[in-house]
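Below: the structure, in structure tokens.
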Amino acid sequence: MANVMLEVNELSTKYITRFQEDVYAVDKVSIKVEEGKSLGIAGESGCGKSTLALSLMGYYFPPLHYMGGDIIINGNKISGLDPDHVRKTVLGKEIAYIPQAAMNALNPTRKIIHFIEDVILEHEMYVTKKDIYERAKKLFETLGLPPEVLQKYPVELSGGMKQRTVIAISVLLLPKVLIADEPSSALDVTSQKMVIKMMKHLMDAGFISSMIFITHELPLLYNVVDDIMVMYAGQIVEKGSSHEMVFDPIHPYSKGLMGSIIVPEEGLRDVKLTAIPGVPPNLKKPPSGCRFAERCKYVRPECRVTSVPLREAGDGRVYRCIIPETELRENYAREEQKK
Amino acid sequence: MKHTLRQIFRSPNFVVGFSIFSLIILTVIIYPIFVPNPPLQIIAQGTFFEPGIYVNTYDSFNAPSYTLKLDGADSKRIASKLNDEDRLAMQEWLVGFGIPENEIDIHDTEALLNLWNTNFDPTKRFPGMTNADRNYFIRLNNSVQGLLSTDPAIIAVTDEETGSLVETDRVQQTDYINVSQVANVRILPLGTDNFGRDVLTELIAATRVSLLIGFVAGIVATLIGLILGLVSGYLGGLVDDVIMFITNLFTVIPSFVLLILISFSIGQDQRGAFTIAVVIGFTSWVWTARAVRSQVISLRNRDHVNLSKLSGHSIVYIIVNDILPYIASYVVMAFILQISSGILAEAGLSILGLGPRTTEVPTLGLMMNWAMIYQAHILGKWWAYFPVIVTIALIAFSMNLMNTGMDQVFNPTLRD
Amino acid sequence: MTLEKKLYLSAKGVSKVFGFGNQKTVAVDNVDLDLYEGEVVSIVGESGSGKTTLSKILLGLINQTEGDIYFQGVKRDISSHAKKREYWKNIQAIFQDPFSSYNTFNKIDTVLLDCINMRGGKYFPREKKIELMKEACSFVNLKFEELTNKYPFELSGGQMQRLMIARIFLLKPKILLADEPTSMIDACSRATILDELMHLRKEIGMTIIFITHDIGLAYYVSDKVCIMEKGRFVETGTADSVILTPHHAYTKRLINDVPKIHEEWDLTTV
């Protein structure tokens, strides 16, 4: 059995708003990512994807607050530690995080090499700037980035190049786990493809051991990761291998998501896109029963009252629904015939 | 709208600023109802009377007199006539005369005076004593004579036939009158100024006029700035170029210099408070115009403006309904700052002697100007200028507090 | 087909240049476009390709530097406000960002009432106006009773965009210009918006210009696709021919670089 790189047990975090209201953004999420594997997180906007990514770092700052659960990276527990300690020893070395629109976070008045110096000097004491330059140059060459970039200012780079530079900087200290939150969503398709290619290369060349990839673009996710986890209203609703998840979803919400995929392929025009009516629940007062009940086609009276645990469906697949897997599949097949 | 107002009133900065400001406004409105005296009436003969309660002496003789036996009344009276310097001089003479220093207690007024009265000899001279010193001691001796006397003061009138004095009344040292029974008492909480006018009444009238000047200046500046900014930002093109050319002209000429030049060229006769206000407003619209313009430019390409165009609305309708509400918060904030800077500009102009005509109305700036010309600050007559400074500072402070409070509500990113 | 389709809108050699001198940028470069009655035409391009500028020119919100636009065979004249009003009765738009498409100070009723007024219903009795608004809302599966007296920011993005469709339903224009109407909306609501848009098209016989960066979406909704690169149309044709058998190198690259599900996404070709 492969080595488990990232293990998260029942992690819960919340936001505290300006008016002292609690927003339960991540609710008892458990994740297991093995070495050499990548996990994708999908879901609508506001379902807690980005908050989960932020929470996985083990570094919390207001308005985000830690409520409970463990984060274990390669056997070392990082949750519940002193924030300063986490920042110095965990971030960048054990786990690296690329936030949304990270490329816009580069200070436009500094050259790329300065960001790299900052990162290395923070963690290593006895290095000269020349050594750093050599190291950075080597890294950039391995990752297929032109070394001239190092001497340029962020504004001189294109969006795709900036994003790839940011990713290169984030793996400087060879973290074990990389969390990428929508790393390619603001880019055009060609740059997106280059970013993805580089991230795949990072995995293959051993710069990182595991990756968590967050995006709302399902076709992209399908092509990048091994496993897909669907989140809804702060909870995991389904998890499985990416092929299974796209072509054979179990949970009604995943089914709806997968039915809305649009790709320029033959036969697309004959497909009827599915829609999920309604809006996600307010996480200030999460519903006591199934959180998807309000929007679910197959809702039963008991859905609204009893909270639904995750159920196993073999091969590491889990789903959160009180209707058994077989019955759901029958429903889907019946609908397919109606069309 | 209601929601925004509620939020504004939850901001501590705004609430403090608003309270101070409303207090000032209330005082300005209510005070003249209770004290209807004309603010520029000259009541005092002489300059800079100290703050205090002024009791008419003549009326106090005619008021019913009461006898109160109060301990320490005598020593208080003596103490008020004999200051520390005099006591030290007396000690110096007595030591020179030969009395040991430790036997003289300068704080025991009665013992000191007794010692002095028994020993003082105007002809006596010690080594090192100059003629001036001697004359000083003689003057001192004359002034302390009778201090210990307990005789009543006699009030006499001249007999018209004989020309001799006829005693009409005696005032004992234990006689008191009740101030409320004296016909004429005037309280001057801030004394009088150089012309002999009641400073408090004048100050409140001046605050009112200055606030009005600020409001008028603020309205003029905000209106000019708003209209030019809206037009140039929304229309763009040639109109924008022309308006921005004028705006830039006004920007590079320091507005205060322009203000001085304009008020100087208007001439003393034309300079009423209202004219000054308009002139101030006319020189301070530039920044409002620039800020409004840049906001309008970012708004005019917004989709809701495009949609409004597609709905067939006219330019005026779009400006009023789709652009103005979005910049309204900013304009209100700018308006508040314009008021406060208008008041300060008036004060600055008046100190230079370019404010409104002096005979008609007081303004805060004019009061400072008068106090300065009559050297109140050198003479230490603090009541003539210090309350004015405090008032100006309070007005500007409250306005700026309100502005920051609103800023925090309208730009939530500035919070924390 | 024997029946000749009516030409609704056509652009001949339209160009738009911003700035002048050294800072001159050509946003739209000599574009020809023919739009026939009842068609759905997609204009596909990446950010900066000039597709939004072209859409604003077609709408008459900005003027083209060169070229002419013909509406129903007659050269478009939008020189005065009254003429613009008349033109905008025939062509309307849905914009990308529903959150910035509404004036947040106006209630939802105002948005719909504006449309009724524009269609000459200014002096309708109140009951009739309300009935019209109810009809429009129910067309997009919204309840007018829940929307009346509310402000736009109280709605979700999907609801806002559906309200935009209700607006078009009231205006009944001949041409609708949809500028990325689904790009700011979650995938789940996207299908609803598209369905309602297509339903509306059938209902009032509308011609749609669909502007998008998503080539898959363009393929899904349109009859004709125009690929735009750096202000030019590089490839135009029926949806099937452009997407399934692209000829121009740019189109090929665009289609190749989009992640797919049934076909292999080839990472080596970057």
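The values are calculated or read from the model by the stated rules, or taken from the named source; none is laboratory data. All values derive from a computational prediction rather than experimental measurement. Here Cβ is always computed from backbone atoms with ideal geometry, including for glycine, and neighbour counts include all displayed protein chains.
A compact table of results
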| read-out | value |
| --- | --- |
| Flag for residue B:279 being surrounded by 18 or more Cβ atoms within 10 Å (Cβ to Cβ) and either away from every other protein chain (no Cβ under 14 Å) or in a helix (DSSP H, G or I) (or both) | yes |
| Condition met for residue A:249 (more than 9 Å from chain C (Cβ to nearest Cβ), free of Cβ contacts under 8 Å to residues at least 60 places away in the same chain and buried (at least 22 other Cβ atoms within 10 Å of the Cβ)) | yes |
| Strands (runs of 3 or more DSSP E) within the stretch C:40-104 that include 1 or more residues more than 11 Å from chain B (Cβ to nearest Cβ) and touching a His at 6+ places or on another chain (Cβ under 8 Å) | C:40-45 |
| Qualifying residue in the stretch B:284-300 (condition: more than 30 Å from residue B:368 (Cα to Cα) and free of Cβ contacts under 8 Å to residues at least 12 places away in the same chain) | yes |
| Index of the failed condition, residue A:318 passing every other in (1) among the β-branched types (Val, Ile, Thr); (2) surrounded by fewer than 16 Cβ atoms within 10 Å (Cβ to Cβ); (3) in contact with a Leu (Cβ under 6 Å, 6 or more places away or on another chain) | (2) |
| Residue B:258 being touching a helix residue (DSSP H, G or I) at 6+ places or on another chain (Cβ under 8 Å) and either in the same structural domain as residue B:352 (by TED's automatic domain parsing) or of a type in the set (Asp, Glu) (or both) | yes |
| Filter pass, residue B:298 being within 30 Å of residue C:91 (Cα to Cα), buried (at least 20 other Cβ atoms within 10 Å of the Cβ), more than 28 Å from the chain's Cα centre (by Cα) and among the hydroxyl-bearing types (Ser, Thr, Tyr) | no |
| Strands (runs of 3 or more DSSP E) enclosed by the stretch A:1-70 - at least 1 residues per element that are over 18 Å from residue A:225 (Cα atoms) | A:4-16, A:22-34 |
| Residues located in the stretch A:91-147, provided they are modelled with pLDDT under 90, assigned to a loop (DSSP other than H, G, I, E, B) and farther than 28 Å from residue A:213 by Cβ | A:124, A:125, A:126, A:127, A:128 |
| Filtered residue count, the stretch B:375-393, keeping only those that are of a type outside the set (S, T, N, Q) and free of Cβ contacts under 8 Å to residues at least 24 places away in the same chain | 9 |
| Failed condition for residue C:171, given (1) in contact with a Cys (Cβ under 8 Å, 6 or more places away or on another chain); (2) under 25 Å from residue A:44 (Cα atoms); (3) buried (at least 19 other Cβ atoms within 10 Å of the Cβ) | (2) |
| Flag if residue C:142 is touching a residue at least 12 places away in the same chain (Cβ under 8 Å), assigned to a helix (DSSP H, G or I) and either more than 11 Å from chain B (Cβ to nearest Cβ) or crowded, with 18+ Cβ neighbours inside 10 Å (or both) | no |
| Test result for residue A:234, crowded, with 24+ Cβ neighbours inside 10 Å and either at positive phi or among the aliphatic types (A, V, I, L, M) (or both) | yes |
| Matching residues in the stretch C:213-227 - criterion: being hydrophobic (A, V, I, L, M, F, W, C) and over 15 Å from residue A:270 (Cβ atoms) | C:215, C:217, C:218, C:225, C:226, C:227 |
| Boolean, residue B:255 is crowded, with 16+ Cβ neighbours inside 10 Å, over 24 Å from residue B:396 (Cα atoms) and either modelled with pLDDT of 95 or more or not β-branched (Val, Ile, Thr) (or both) | no |
| Filter result (more than 7 Å from every other protein chain (Cβ to nearest Cβ) and not in a loop (DSSP other than H, G, I, E, B)) within the stretch C:253-270 | C:256, C:268, C:269 |
| Filtered residues of the stretch C:230-245 (kept if outside any helix (DSSP H, G or I) and either without any contact (Cβ under 8 Å) to a residue 12 or more places away in the chain or charged (D, E, K, R) (or both)) | C:230, C:232, C:235, C:245 |
| Helices (runs of 4 or more DSSP H) within the stretch B:25-121 that include 3 or more residues under 29 Å from residue B:186 (Cβ atoms) and not assigned by TED's automatic domain parsing to the domain that holds residue B:140 | B:57-62, B:73-81 |
| Subset tally (residues that are under 22 Å from the mean Cα position of the chain (by Cα) and charged (D, E, K, R)) for the stretch C:213-270 | 8 |
| Pairs with Cβ under 9 Å, 6+ apart, first in the stretch B:103-115 and under 13 Å from residue B:75 (Cα atoms), second of a type in the set (Gly, Ala, Ser) | B:109/B:75; B:109/B:79; B:110/B:75 |
| Neighbours by Cβ (under 6 Å, 6+ apart or cross-chain): first from the stretch B:356-374, under 15 Å from residue B:213 (Cβ atoms); second among the basic types (Lys, Arg) and surrounded by fewer than 24 Cβ atoms within 10 Å (Cβ to Cβ) | B:356/B:271; B:357/B:271 |
| Yes/no for residue B:317 being within 30 Å of residue B:239 (Cβ to Cβ), buried (at least 16 other Cβ atoms within 10 Å of the Cβ), within 14 Å of chain C (Cβ to nearest Cβ) and among the aromatic types (Phe, Trp, Tyr) | no |
| Only one of C:227, C:208, C:185 that is part of a loop (DSSP other than H, G, I, E, B) and either more than 8 Å from every other protein chain (Cβ to nearest Cβ) or farther than 22 Å from residue C:140 by Cα (or both) | C:185 |
| Residue that is modelled with the lowest pLDDT [pool: residues in the stretch B:348-366 that are under 17 Å from residue B:390 (Cα atoms) and of a type in the set (A, V, I, L, M, F, W, C)] | B:351 |
| Candidates B:267, B:236, B:214 - the one that is within 19 Å of residue B:339 (Cβ to Cβ), assigned by TED's automatic domain parsing to the domain that holds residue B:332 and of a type outside the set (A, V, I, L, M, F, W, C) | B:214 |
| Residue match in the stretch A:23-31 (condition: touching an Asp or Glu at 6+ places or on another chain (Cβ under 8 Å), without any contact (Cβ under 8 Å) to a residue 60 or more places away in the chain and basic (Lys, Arg)) | no |
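Let's see how each residue does on (1) surrounded by 12 or more Cβ atoms within 10 Å (Cβ to Cβ); (2) under 21 Å from the mean Cα position of the chain (by Cα):
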| site | (1), (2) |
| --- | --- |
| B:5 | no, no |
| B:13 | yes, no |
| B:26 | no, yes |
| B:29 | no, yes |
| B:34 | no, yes |
| B:43 | yes, yes |
| B:47 | yes, yes |
| B:83 | no, no |
